[in-house]
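See below for the structure under consideration.
The values are calculated or read from the model by the stated rules, or taken from the named source; none is laboratory data. Just so we're clear, the structure is a prediction, and the values are computed from it rather than from any experiment. With ideal geometry, Cβ positions are generated from the backbone for all residues, glycine too; neighbour counts draw on all protein chains shown. Note: accessible area is taken over every heavy atom of the protein model, side chains too, but ligands, DNA and RNA are not part of it. Shrake-Rupley method; radii C 1.70, N 1.55, O 1.52, S 1.80 Å.
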Amino acid sequence: AFTAVAQGASKMPEELDEEEQAEWEDPDPLWSRCLSLFLLVMFILWQALLCAQLDGNIDVPYMVVFIPFFISEFYYIGRDVYEGTRKIEAPDLSEIEDPNFKYAVMEKVWQEQQMKKQALGSAAWHFFRSMQVLIICLEVDGDIDLGWWVALLPLWLYVTMQCGCSQLAMATGMSLKAKKTHKPQDEMTEEERANMTPEERMMDNEIEFQKAQSSAYCCSFCCTLIFVVLLGVRLSGMDAFSIFWFFFPLFLCSCCIVFAACCCLLCVGPEEEEIDEDLENGLEARWGGFG
């Protein structure tokens with residue numbers, strides 16, 4: 001990060017003509033690199049202050065120790081809310097006659113919508129996390145006295161939200177499956193798959209995505225719930241146990257991810273069909289006109 005900022009602003013390639021120079025944009029602007037450096041400094045600073053506070057080298061309120069953390073969290077919340085609420089511009093689907101190109105456009109719009117939802121989910125996580133750290137700081141500094149089970153309220157709310165998202169994804173998938181009128185793709189012939197409408201193909205994609213979302217939210221809910229319960233038990237002084245158990249959900253998730261990745265690698269086969277480069281290039285060209 002320090003080296004990237006020290007390099008200064010990016011230089012425009014000399015081989016560009018006048019028209020290309022007028023449209024050229026810096027792919028890695030200096031302000032973006034400075035912002036990344038600032039966030040890195042904030043990340044290092046609050047951890048250094050926390051270590052110094054825990055070792056007794058400084059004696060300041062924990063609210064002061066975590067000021068760099070709150071600054072970076074405020075930025076992340078603003079960034080994710082902006083990304084999650086931006087407008088998606090796309091061509092009018094009723095004017096597209098080519099079914100393959102129409103499907104490509106619908107898939108692109110759907111991906112943009114999922115990115116917006118993911119950004120809002122990230123904003124919610126940063127909000128609950130910052131609120132939880134704020135309440136813990138106030139509790140440790142003696143400014144409030146709620147008891148640790150009540151002090152963990154933001155995490156309880158986040159766990160409840162994950163459970164609700166899991167149930168919502170499952171209900172959405174079941175609802176779409178009930179509306180489905182065509183056969184599953186694994187029961188279709190090659191000709192029937194080729195004759196599927198873009199809407200039918202998108203519905204199949206959405207059903208599979210909602211299944212994956214439901215499973216992901218459920219796993220995250222279980223692991224977070226275990227962590228919150230262990231943290232509440234430990235902080236309230238009800239029982240003393242090894243710190244290893246705090247990281248057990250993380251180890252379990254990591255093992256599952258590695259196992260799933262290995263299974264995917266072992267199941268990968270040769271590509272059944274080549275990518276239509278003309279369609280892909282046409283989509284990028286036409287989509288660029290709406291960006």
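Can you tell me which of (1) under 22 Å from the mean Cα position of the chain (by Cα); (2) surrounded by fewer than 18 Cβ atoms within 10 Å (Cβ to Cβ); (3) hydroxyl-bearing (S, T, Y) is the one S166 doesn't meet?
So the condition that S166 fails would be (2).
Failed condition for M106, given (1) over 30 Å from R234 (Cα atoms); (2) open to solvent by 40 Å² or more (accessible area, probe 1.4 Å); (3) part of a helix (DSSP H, G or I), with all others met?
(2)
Can you name the residue in segment 79-91 that is outside any helix (DSSP H, G or I) and open to solvent by 80 Å² or more (accessible area, probe 1.4 Å) and, of all such residues, is modelled with the lowest pLDDT?
Here the answer is E89.
Of the residues S175, S130, S122, S166, which is within 26 Å of G84 (Cα to Cα), free of Cβ contacts under 8 Å to residues at least 12 places away in the same chain and assigned to a helix (DSSP H, G or I)?
Exactly one residue qualifies, and that residue is S175.
Please tell me if F241 is open to solvent by less than 80 Å² (accessible area, probe 1.4 Å), in a loop (DSSP other than H, G, I, E, B) and at pLDDT 55 or above.
yes
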